[in-house]
Amino acid sequence: VEPLLDSLSIYSVEKTGGIMLPFMCLLLMLLYTETEMAMSYNINQHELLYYGLFAFYMIPFMSLFDSFILSSQELLYGWRVYDYFSYQRWRFANRESRWNLLAHVDESVTQSLQNLDLLCFSSQYYFILSIIALGFGTNMFGITICLRRKYNFLGDPVFPLIVTIVICCCELIALLCIYISNTDIDAISWGGIWKVTQLQGTMDDVIASKLAIGEGRQEDLEQERQELQALNSETFRHKFIEKNRPWVLQHLVELITPRSLQDVGPDGRPLVDYVREVYSNLMNVGEGVNRRADDRSDISSDDYSDDEEEKRRQWDRTPLEGNRLLIAQIWLQKARKRRVFTQAVTAVIEKRKEDHCSSCSRTLGSCKTLTAGLAWNGRFDPYAIDSLIKSFEDNYSPGESNPNLWKAFFRENARFSTICNICLDQMEQQKLHKNVRHVGAGVVTRPGDISSDDESDDQVLFDPVIVVRSSGEGRMMNKWMQAARAKLGGDFPRKSAMEQTERYLDRLKHRSKPPMTKANASEVEDIESNQGWGNVDLNEKEEFIIKQWLSEARHGAVTRFDKKADDIRSQLHGAIETLAVEDDWATGELRLEGNALKIEADQIAKKKVSSESQMTKQLEALRSDFELVAQEIDERRDEKRDELKTFLSQLGTLSQGKKESRTLELNKKIDDLQESYDNEESVDARAGYENETAALHSLAKTEMEAEDGQLQTKTNELTSQFADQSKVLDRELHSTLQAYERGCQTLREKKRKEYVYEESNWQKNVNGWLGTANRKLKAREREDLKNPVPSAKKARLEQRRTKKINDQADMG
């Protein structure tokens, strides 16, 4: 229901928008000068009228096309659109409250669609859509007018008064609408809006009242009478329970309150036990317990007794927690998925049912029933659906449960088989006797199979196992030990038990690796063959050696295959030359088949040459693309290098300018100091002048060094940044080169595989033909030895064969 509900919600919104479009065009035409929206698109006021008429004119035609689209969706996805709309109309007509959003939601529907489902696509739903659409449209027009007129309504001192007046008007209009909707006016046959129909009694009473009064047409009355008869029949009620069992189980809890659970049920037991039994019966409705489809209903099953019923009632119903709960949830999810997937493809399986058994070819005249099922590995398998579900989950995802996707996958991968009841019984008998081993059966224990406690350390082959005494294994081993001690008799533990235990532990600590025997050597080889090597880190030389070896190995395989093809062609030509036209009476169509194989070989060779030329063109195209990309990367690297040089030059010039300006500034300060101290001849003034001059020189030197350091730092940063960008470009070039090499290799392998496939099939046919030709030629030679051909006839045959060979040589 949820996909249908989602699709219909989108369709209803679009349909409402299409109906509201003419009114919006009319409103836009009335507010033409205020909004200035149409003016921006050079649309005058009269043209807006045509837009509105066109939108109004398209409503019936779009509705017609929408009906075709809904019908197509109904056929494609299996949706019952008409039935769903009829059900929603009945729900809305029999709602409990006037405003349907106040009713209880259906929790079986997704939470985001519950309110939508509650509105039932009724007039209330479209009323909400219309109000929202008109509200958004008018708000947009109002904001547009304020923006066009540059009107700040928040700065208007009358704005609060306007808001108050609008709210009061809206409340008055709302009260007036509510009063009109609740008022009955008999003069105009007005009974209010969205009134709830009050039904007295049950649906049976409604139908019975219609039958008694005589409402409706005669056909409707007859149909309602049949429906009433069906409602009162046990068959209909059982079918209703079977079809609506999930819904009944889901809402069963709503019928029971905690206080009512303390009461006594109809059978005298507590109501809790009675409800549990009803729940169990509902779970088993339509399926039965331990019964087959062909069992008689008046004969009870031997596998189901009152004791088992009592055990089932006393089953532990403690809620699961932790891992047990997780395992149960996973099992339940897989079981539900298997059941849904099986029901989805049951009709497909039944359509593939044949008129005979696939195993024994029996028809319905020779057996009782024929059952259609799935096959796995060429044989009928009742559990093949599990393998298909596993393959489906591997191809898509374990959480994928789309039935349409599953059906498509099933039709593509499923293999079907039809089996009779006789073969099915034989399969069941084989399952019962499969892998059955009776107690004591097998190889008799020999004295050499039991080791002594005094044996060497090399015979200890097993690690110690720690078993908790409170566990099931511990209790079982303890019980076995007590029984063994009782059978042996005497006092336990023995006096030598401590020494034997210490000796055993000492052997475990110092045991060495067991010797490699032939048996376990083969096991080790099997284990090593099943183990993967994992990832191996290689340097450039090792990677180059491996690639070189792989290339040579591939080239050698190609060379050997081509040499084999040439040898087979030479053998074919030699065999065809030995077959003469006069010998067709003895060899049959062997010569014609050989000529056909020869023509096929020529076609394969021509196709190979054409494929190689085409592959060469494609490789050239890949090469040109790679060269363009490489050239682009080199250009980008050159641009980065030129930018670096330009920026470094600018930095150097800027730094040099700063140093020169600072030097001039300091020199000016020194000159000013010299002029100020020239008029003073005292020793202290002279010393002060020298100190300040030295300080200025030291400051100049420090600032120059700092400027040089900053320049060097920026230069290093830019150089490092260029190096990083160069590495990125190198990686891009390397990845492009790898993609080019992979593309070339993939193209070569694809063309090679096509050629090898055709050549292998041709070689297989030629080998079969050569075997047949050699056998017939040898048989012909033996007959010639037994019955030699007359010399004259033999000479004529030899002359014809020589002439044929010469003609072929002249043509070649």
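The values are calculated or read from the model by the stated rules, or taken from the named source; none is laboratory data. Remember, predicted model here, so these are calculated numbers, not experimental data. Note: ideal-geometry Cβ built from the backbone for every residue, glycine included; neighbour counts use all protein chains shown. Remember, those area values only see protein heavy atoms, side chains included, never the ligands or the DNA or RNA. Shrake-Rupley method; radii C 1.70, N 1.55, O 1.52, S 1.80 Å.
Each label point was placed 7 Å from the Cα along the Cα-to-Cβ direction; for residue 195 and residue 4 their separation is 3.2 nm. Taking 17 Å as the cut-off, the amide N atoms of region 557-581 that come nearer than this to a point 7 Å along the Cα-to-beta-carbon line of residue 598 belong to 566-581.
With the cut-off at 1.5 for a/c, could you classify region 590-657 from its C-alpha gyration tensor as rounded, prolate or oblate? Verdict is prolate for region 590-657. Once all protein chains are placed together, residue 558 keeps about 50 Å² accessible to a 1.4 angstrom probe. Less than 19 Å from a label point 7 Å out along the Cα-to-Cβ axis of residue 718: which backbone N atoms in region 595-638 qualify, by residue? Backbone N within reach: 636-638. Against the criterion of solvent-accessible heavy-atom surface with a 1.4 angstrom probe, 485, 569 sort, most first, into 485, 569. Applying 0.36 nm per residue to the separation of residue 149 and residue 622 and subtracting their alpha-carbon distance, the gain on full extension is 164.1 nm. In terms of its Cα atoms, region 582-627 spans 64, 10, 6 Å along the principal axes, sorted from long to short. What FRET efficiency would be calculated for the residue pair residue 278, residue 344, taking the C-beta separation as r and a Förster radius of 22 Å, to the nearest 0.05? The value I calculate is 0.15. The solvent-accessible area of residue 238, taken with every protein chain present and a 1.4 Å probe, is close to 110 Å². Available extension along the chain between residue 654 and residue 589 is 13.8 nm, counting 0.36 nm per residue and deducting the alpha carbon span. Taking the average, over residues, of other Cβ atoms within 10 Å as the packing measure, peptides 345-354, 22-31 rank 22-31, 345-354 from highest down.
Can you classify region 1-95 as rounded, prolate or oblate using the Cα gyration tensor, where a ≥ b ≥ c are the square roots of its eigenvalues, rounded means a/c under 1.5, and otherwise it's prolate if a/b beats b/c and oblate if not? It is prolate, given that a/c is not under 1.5 and a/b is the larger ratio. Convex hull volume of the C-alpha atoms in region 51-98, normalised per residue: 114 Å³. Sorting 46, 104, 356, 734 by accessible area puts them as 104, 46, 734, 356; the probe is 1.4 Å, largest comes first, and only protein heavy atoms count. Of the chymotrypsin sites (Phe, Trp or Tyr not before Pro) found in region 350-440, those in coil by DSSP whose Cβ has at most 13 other Cβ atoms within 10 Å are 383. For residue 58, the shell of other residues with beta-carbons less than 15 Å away shows a net charge of -1, using +1 for Lys and Arg and -1 for Asp and Glu. Compared with the direct C-alpha span, the chain from residue 156 to residue 94 gains 17.2 nm at full extension, assuming 0.36 nm per residue.
Extending 7 Å from Cα along the Cβ direction at residue 320 and again at residue 635 yields two label points whose distance is 6.6 nm. A simple rule links phi to the HN-Hα coupling: the Karplus curve 6.51 cos²θ - 1.76 cosθ + 1.60 with θ = phi - 60°, which for region 608-620 gives 5, 5, 5, 5, 5, 5, 5, 5, 4, 5, 5, 5, 5 Hz, with x for Gly and Pro.
The phi torsions of region 546-554, fed into the Karplus equation with coefficients 6.51, -1.76 and 1.60 and a -60° offset, translate into couplings of 5, 5, 5, 5, 5, 5, 5, 5, 5 Hz, rounded to whole numbers, with Gly and Pro shown as x. Of the GluC sites (Glu not before Pro) found in region 584-632, those in coil by DSSP whose Cβ has at most 11 other Cβ atoms within 10 Å are 589. Expressed as a whole percent, the accessible area of region 533-622 that falls on carbon and sulfur atoms is 57 (1.4 Å probe).
Computed in the context of the full set of protein chains, the accessible area of region 15-140 at 1.4 Å probe radius has 68% of its extent on carbon or sulfur.
Based on the Cβ-Cβ distance from residue 61 to residue 336, what FRET efficiency comes out when R0 is 41 Å, to the nearest 0.05? Taking R0 as 41 Å, the efficiency between residue 61 and residue 336 is 0.35. With all protein chains in place and ligands, DNA and RNA left out, the 1.4 Å accessible area ranks 740, 82 as 82, 740, largest first.
A 1.4 Å probe, protein heavy atoms only, puts the accessible area of residue 62 near 90 Å².
For region 358-368, 3J(HN,Hα) computed residue by residue from phi via the Karplus equation (6.51, -1.76, 1.60; θ = phi - 60°) reads 6, 8, 10, 6, 6, 9, 5, x, 9, 9, 8 Hz, glycine and proline entered as x. When the label point is put 7 Å from the Cα of residue 754 along its Cα-to-beta-carbon vector, which residues of region 620-648 have a backbone N closer than 19 Å? Flagged as within label range: 620-623. Put simply, the amide H of residue 374, placed in the peptide plane, has neighbours under 5 Å in 381, 417, leaving out anything fewer than 5 places away on its chain.
A simple count of charges around residue 417, restricted to other residues whose Cβ falls under 15 Å of its Cβ and scoring Lys, Arg +1 and Asp, Glu -1, yields +2.
Legend: calculated FRET efficiency, residue 710 to residue 669, from the Cβ-Cβ distance at R0 = 22 Å, rounded to 0.05, equals 0.45.
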